[in-house]
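Written below as structure tokens is the structure these notes are about.
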Amino acid sequence: MQSFLPATLLKNQSFNKLFIFPFLLIQVHVMAQPVIPVQEDIRVTFKIMNPKREPVSFASFTVINRSDSLSTLKKVADSNGIVIFKLAKGQYLIKVTSVNYQPVEKRITVSGNQSFFNFIAEPLPKTLGAVVVTSQKPLMRQEDDKTIIETENLVASSTNGYEVIEKTPGLFVDQDGNIYISSLTPATVQINGREMKMSASDVATILKSLPPDAIAKIEIVRTPSAKYDASSTGGIVNVVLKKGVKIGMTGSVNTGMQQGNYGNRFVGFNLNNNDGKKSSYINLNYSKRNGYEKIVTDRIFASDSMLSQYAFTKYPANSYFAGYGLSYSLGKKWDVDFSGNINLNNFNNNTDNRSVIKKISTSQTLTDNLNNVNNKGSSLVIGNGIESKLKIDTLGSEWANNIFFYYSHNTSDQFFTTTYYSPPFPAIGGDGSGENKRNFFSAKSDLKLKMKKKFTFEAGVKTTVHAYKNITNYFKETGGVRTKDKSRTNTFNYNENINSAYLQGSQTIGKDIVIKIGTRLENTNMKGRQIIPSDTTFDIHRTDLFPYLYLSKKVMTIAGYELRAYLVYRRTISRPVYDQLNPFPRYVDQYVSEVGNPSLRPQFTSNYEANVSVDERPILAIGVNKTKDIFTNVIYQADSSRIQAYRTYDNLGSNKEWYLRGLGAIPPGGKYFFVLGAQYNHNFYQGLYENKPLSFKKGTWTFFTYHTLKLDKRSQITVNGFVRFKGQQQFYELSSFGALNASINRRFLKEKLIVTLSMSDIFATNKNDFTIKQGSVNASGFRQSDTRRFGINIRYNFGIHKKEENNILDVESPEKTN
């Protein structure tokens with residue numbers, strides 16, 4: 001473990017004691033526990049059918065170990081109503097739910113003599129009196145502290161992974177690529193449980209090159225426990241990719257397009273192979289994208305002067321994606337999983353920005369010019385990881401290890417010119433090139449011990465190393481003379497190392513109370529050095545503790561469904577990254593620049609939340625985030641001239657955010673399913689802005705909805721959308737905006753061929769006005785993107801499945817057997 005730590009930390013004895021303490025505690029617990037021999041798992045197959053012996057497709061299975069109710073497994077059956085679990089010998093409680101059928105609940109015994117169970121589900125009666133309860137494959141379900149989103153219908157109408165997230169109920173994606181869950185703080189985005197340590201725009205680029213059919217599910221963690229990084233203030237969105245889960249060789253070919261003002265198109269292929277002991281997969285995808293963004297801004301920079309800008313940007317790009325993986329069981333105890341991906345994105349963006357300065361009183365034009373900027377380049381990301389899991393006993397104790405590394409290389413060439421119409425001046429311009437390289441390494445180890453008396457102990461360690469190097473060279477040209485632009489040429493290096501350890505315990509008290517307490521220790525080391533044009537070195541070292549508390553209790557049972565309440569407390573941190581700390585000015589246009597703030601401090605947030613779920617589906621949550629030393633994006637007028645403004649980050653004081661979230665499902669008939677959610681956020685900022693007192697309050701309502709209507713056995717209509725009233729983004733106040741999306745799909749050729757027609761942002765309402773009035777900054781404007789699109793997706797599934805065993809036992813529904 002010491003090989004992961006910098007030498008400077010190893011010399012710090014106090015840190016070593018804190019960091020090594022969890023290992024000593026783990027060792028004591030392991031030595032104190034009686035060794036429970038590992039039993040060989042049995043591959044058990046379940047099949048769910050209706051009384052006509054027809055398969056019930058995509059039913060939800062829950063397998064509960066009767067000797068330990070905390071040991072729970074969940075899966076969704078395939079289109080044939082079949083699902084496979086690996087179970088140890090013992091007694092289990094099986095729960096099955098599916099749309100239009102009564103819930104099935106049955107106790108079984110798994111032994112070497114029986115490995116196939118066939119369940120019969122009775123259809124729901126057409127009327128149930130005053131109360132109607134319909135069981136269904138859940139779009140959302142709750143597992144401990146995670147919400148699982150089944151993406152099957154979302155994938156069918158999307159051309160890439162980014163669009164799948166945009167259509168996910170309860171997630172909000174802003175125009176800059178940030179993803180939000182409950183609060184107005186962006187969530188941390190992971191792929192297969194691994195944080196990418198990239199900017200929102202870089203993560204968005206990767207998601208846009210990800211084939212939609214490669215996504216198995218999306219996990220949403222609103223209140224991450226001590227097991228997760230403390231930097232997850234806004235929660236975690238984890239995109240889980242598919243692996244070879246069906247026995248045999250299966251795959252699909254996918255293609256599709258979307259057309260707005262500009263078009264998107266893609267073609268992809270995936271192949272999976274699973275022989276029961278090892279599985280492998282490969283995903284290949286090519287996409288060609290294009291879109292636009294229009295931003296109109298009016299900024300008052302003097303008592304009688306206004307700067308009006310109209311910027312129009314096109315974003316053509318070509319993306320290539322390859323994903324691959326291999327999973328293998330090493331004997332009875334070990335499972336090993338290797339996965340990786342290669343991402344290449346080529347772009348050629350072009351922006352025209354017309355700028356006019358006028359006197360407000362007389363409308364006299366003082367200056368009129370056109371600025372053109374072209375950015376052409378590529379982005380390459382290569383990531384590989386290996387996971388291992390050791391099964392310690394049959395109760396669910398395990399030891400998991402994960403090592404991950406990725407390398408990214410971005411290059412870009414920029415060409416810019418400014419043409420002056422009034423007053424007439426010679427055109428000026430220039431060019432530049434940029435290159436940045438990033439290496440990121442992560443290693444973690446997690447131990448979970450299932451002990452006596454329903455106690456679960458968890459502990460783990462993690463280290464990450466992040467190295468970033470950036471080189472830019474710029475030149476300006478006036479009157480045909482090309483010279484180096486020293487104000488924009490720079491070179492800097494940035495290195496970051498975060499070491500962490502956590503302890504966490506979970507205890508079931510009585511039959512229905514679960515309490516979980518944990519704490520996480522994180523040591524942060526950040527060093528940045530700008531070499532050109534001048535040395536702006538900074539060095540940060542700090543160690544912080546982050547407690548976590550979770551309480552869950554069954555409240556009651558309504559019509560056979562469990563109502564459970566949760567209370568959560570946690571403390572988190574948001575660290576500034578190098579771009580936010582580097583004081584070197586970065587050119588945006590001739591009137592706006594971006595600059596970092598080397599004195600920026602990290603912000604700490606305490607989160608308190610209470611929520612309620614029914615049958616493991618979240619329906620209501622209320623919480624508060626109390627943030628100190630909050631830093632956010634601000635705009636200041638330059639000291640030298642009020643016509644010049646710069647965007648930066650600053651610690652403004654404190655913020656208190658209240659949020660309320662509700663979710664309800666109303667299935668009025670067998671063919672129709674309906675979900676409606678609402679969220680309210682209220683922020684209250686207090687502090688200083690431009691050294692003047694700041695008091696800013698803003699409330700925002702967001703509504704989202706999701707509908708499915710089955711036209712027949714092979715056709716389905718899906719409608720989803722959101723609306724946000726009087727939105728907020730940092731100190732920008734936004735007008736109301738939203739989007740409504742719809743799709744219809746039909747299955748052909750024995751359901752192997754699926755054709756989907758879709759339309760996104762049907763009414764072209766995903767656009768907004770914005771205003772900002774803070775300090776000396778007074779600006780307003782309008783923002784719109786190429787969001788209204790018509791699309792068609794085609795997917796063909798193929799495969800050779802191994803036949804199931806003939807040893808079958810029919811297990812009837814409780815209503816029938818009782």
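The values are calculated or read from the model by the stated rules, or taken from the named source; none is laboratory data. Because the structure is a prediction, the values reported are computed rather than measured. Because the Cβ atoms are built from the backbone with ideal geometry, glycine has one as well, and the counts that use them run over all protein chains shown. Keep in mind that these areas ignore ligands, DNA and RNA; they rest on the heavy atoms of the full protein, side chains included. Shrake-Rupley method; radii C 1.70, N 1.55, O 1.52, S 1.80 Å.
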Look through L307, L271 and report the one residue that is open to solvent by less than 20 Å² (accessible area, probe 1.4 Å), at negative phi, out of contact with any Cys (no Cβ under 6 Å at 6 or more places or on another chain) and not aromatic (F, W, Y). L307
When segment 423-432 is examined, which residues are found to be assigned to a strand (DSSP E or B) and either modelled with pLDDT of 90 or more or open to solvent by less than 60 Å² (accessible area, probe 1.4 Å) (or both)? G429, G430, D431, G432
Test: A764 is free of Cβ contacts under 8 Å to residues at least 40 places away in the same chain, in a loop (DSSP other than H, G, I, E, B) and open to solvent by less than 40 Å² (accessible area, probe 1.4 Å): yes
How many residues, within segment 83-92, are open to solvent by less than 30 Å² (accessible area, probe 1.4 Å) and either β-branched (V, I, T) or in contact (Cβ under 8 Å) with a residue 40 or more places away in the chain (or both)? 5
Complete set of residues in segment 588-620 that are at positive phi and in a strand (DSSP E or B): none
Go through segment 433-488 and count every residue that is closer than 30 Å to N410 by Cβ, open to solvent by less than 40 Å² (accessible area, probe 1.4 Å) and over 28 Å from the mean Cα position of the chain (by Cα). 5
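Listed here are the residues, each with its yes/no results for (1) among the hydrophobic types (A, V, I, L, M, F, W, C); (2) closer than 30 Å to N272 by Cβ; (3) part of a strand (DSSP E or B).
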residue: S329; (1), (2), (3): no, yes, yes
residue: K332; (1), (2), (3): no, yes, no
residue: D335; (1), (2), (3): no, yes, yes
residue: G340; (1), (2), (3): no, yes, yes
residue: N349; (1), (2), (3): no, no, yes
residue: D352; (1), (2), (3): no, no, yes
Just checking, how many residues over segment 218-237 are acidic (D, E) and more than 18 Å from L207 (Cβ to Cβ)? 1
Out of all the residues in segment 649-698, which are basic (K, R) and either in contact with a strand residue (DSSP E or B) (Cβ under 7 Å, 6 or more places away or on another chain) or without any contact (Cβ under 8 Å) to a residue 12 or more places away in the chain (or both)? K656, R661, K671, K697, K698
When segment 720-752 is checked residue by residue, the ones that are hydrophobic (A, V, I, L, M, F, W, C) and open to solvent by less than 40 Å² (accessible area, probe 1.4 Å) are F731, L734, F737, A739, A742
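Open to solvent by 60 Å² or more (accessible area, probe 1.4 Å), at pLDDT below 85 and closer than 30 Å to I754 by Cβ - does that describe any residue in segment 671-679?
Looking only at segment 671-679, we keep the residues that are open to solvent by 60 Å² or more (accessible area, probe 1.4 Å), and these are 671-672, 676.
Retained after the next criterion (residues that are at pLDDT below 85): 671-672.
Next, only the ones that are closer than 30 Å to I754 by Cβ stay: 671-672.
Yes, that holds for at least one residue.
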Write out, first by first residue and then by second, each pair whose Cβ atoms fall under 7 Å of each other, whose residues are 6+ apart or on separate chains, and whose first residue, in segment 554-576, is modelled with pLDDT under 80 while the second is open to solvent by 60 Å² or more (accessible area, probe 1.4 Å) and of a type in the set (V, I, T). A559/V131
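Looking at S695, S654, which one is small (G, A, S), at pLDDT 90 or above, open to solvent by 30 Å² or more (accessible area, probe 1.4 Å) and assigned to a strand (DSSP E or B)?
Numbers: S695 fails: at pLDDT 90 or above.
After ruling out the rest, the residue left standing is S654.
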All positions within segment 93-112 that are under 23 Å from S57 (Cβ atoms) and open to solvent by less than 20 Å² (accessible area, probe 1.4 Å): I94, V96, S98, V104, I108
List the pairs whose first member sits in segment 598-609 and is touching a residue at least 12 places away in the same chain (Cβ under 8 Å), whose second member is in a loop (DSSP other than H, G, I, E, B) and buried (at least 18 other Cβ atoms within 10 Å of the Cβ), and whose Cβ atoms are under 6 Å apart, counting only residues at least 6 apart or on separate chains? L600/P576; P602/R575; T605/T233; E609/T223
Options Y407, Y420: the member that is open to solvent by 20 Å² or more (accessible area, probe 1.4 Å) and either closer than 24 Å to F338 by Cβ or not in a strand (DSSP E or B) (or both): Y407
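Pick out the one residue from S445, S363 that is modelled with pLDDT of 95 or more, of a type outside the set (D, E, K, R) and out of contact with any Ser or Thr (no Cβ under 7 Å at 6 or more places or on another chain).
Working: S363 fails: modelled with pLDDT of 95 or more.
Being modelled with pLDDT of 95 or more, of a type outside the set (D, E, K, R) and out of contact with any Ser or Thr (no Cβ under 7 Å at 6 or more places or on another chain) holds for just one of S445, S363, which is S445.
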